[in-house]
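Engineer: This is the structure I want to talk about, given as structure tokens.
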Amino acid sequence: MSRKSLRERILRLAWANPGPLRDALLPLVTEARTPVIWERQAIEIPTSTGPKSVPALVSGVWAVHRSIQGSAWSLTHVPTGLAANTRIASKVRAQAIVEALVRTESALRTATTQAAVMRFSNTIVDIIRNPEGYE
């Protein structure tokens, strides 16, 4: 079943069932359809010598930026400053990973704690390895 077909079925189910079910389903479908918007910002990254400010592209709680060491790109959870991956080959691939994360698990769009992110650690690892598989 395609994502579009699944989304349409969820919408029909939500509108056919007023009350708590609709209230629970509609925000999830709306969030999943919201496009990822990127903003340029400076973020703080914890290092062994103390926090370091780096320029980044930020979408919600996720940032894409050059790795502190080396020429790769990093994916960082901004509220905690923790890197999900520091060896991504390109900025475009890093952005595709963020887009796949928030499209696959809408809770990752706004997860502000390490525990909230770690709930989806298996999904995050899978997406980092193969973001194209989550299109």
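The values are calculated or read from the model by the stated rules, or taken from the named source; none is laboratory data. This one's a predicted model, so the numbers in the text were calculated from it and none came from an experiment. FYI the Cβ positions are ideal-geometry reconstructions off the backbone, even for glycines, and counts take in every protein chain you see.
Engineer: Name every residue in the stretch 50-66 that is under 18 Å from the mean Cα position of the chain (by Cα) and over 20 Å from ALA100 (Cβ atoms), in order of residue number.
Structural biologist: Residue satisfying the conditions is ARG66 alone.
Engineer: Quick check: anything in the stretch 88-107 part of a strand (DSSP E or B), modelled with pLDDT of 90 or more and among the hydrophobic types (A, V, I, L, M, F, W, C)?
Structural biologist: Yes, the stretch 88-107 contains a residue that is part of a strand (DSSP E or B), modelled with pLDDT of 90 or more and among the hydrophobic types (A, V, I, L, M, F, W, C).
Engineer: Does the stretch 18-41 hold any residues that are surrounded by 12 or more Cβ atoms within 10 Å (Cβ to Cβ) and at pLDDT 75 or above, and which are they?
Structural biologist: Answer for the stretch 18-41, where residues must be surrounded by 12 or more Cβ atoms within 10 Å (Cβ to Cβ) and at pLDDT 75 or above: LEU21, VAL36, TRP38, GLN41.
Engineer: Looking only at the stretch 51-73, which residues are hydroxyl-bearing (Ser, Thr, Tyr) and either part of a loop (DSSP other than H, G, I, E, B) or more than 19 Å from THR112 (Cα to Cα) (or both)?
Structural biologist: SER53, SER67, SER71
Engineer: While we're looking at this one, here's another question. State whether the residues of the stretch 31-50 include one that is of a type outside the set (Gly, Ala, Ser), part of a helix (DSSP H, G or I), without any contact (Cβ under 8 Å) to a residue 12 or more places away in the chain and under 30 Å from GLU8 (Cβ atoms).
Structural biologist: No, there is no match, as no residue in the stretch 31-50 is of a type outside the set (Gly, Ala, Ser), part of a helix (DSSP H, G or I), without any contact (Cβ under 8 Å) to a residue 12 or more places away in the chain and under 30 Å from GLU8 (Cβ atoms).
Engineer: All but one of (1) surrounded by 14 or more Cβ atoms within 10 Å (Cβ to Cβ); (2) over 21 Å from PRO35 (Cβ atoms); (3) at pLDDT 95 or above hold for ALA116; which doesn't?
Structural biologist: Checking ALA116 against (1) surrounded by 14 or more Cβ atoms within 10 Å (Cβ to Cβ); (2) over 21 Å from PRO35 (Cβ atoms); (3) at pLDDT 95 or above, the one that fails is (3).
Engineer: Moving on. Return yes or no: is LEU13 outside any loop (DSSP other than H, G, I, E, B) and at pLDDT 70 or above?
Structural biologist: Criteria met by LEU13.
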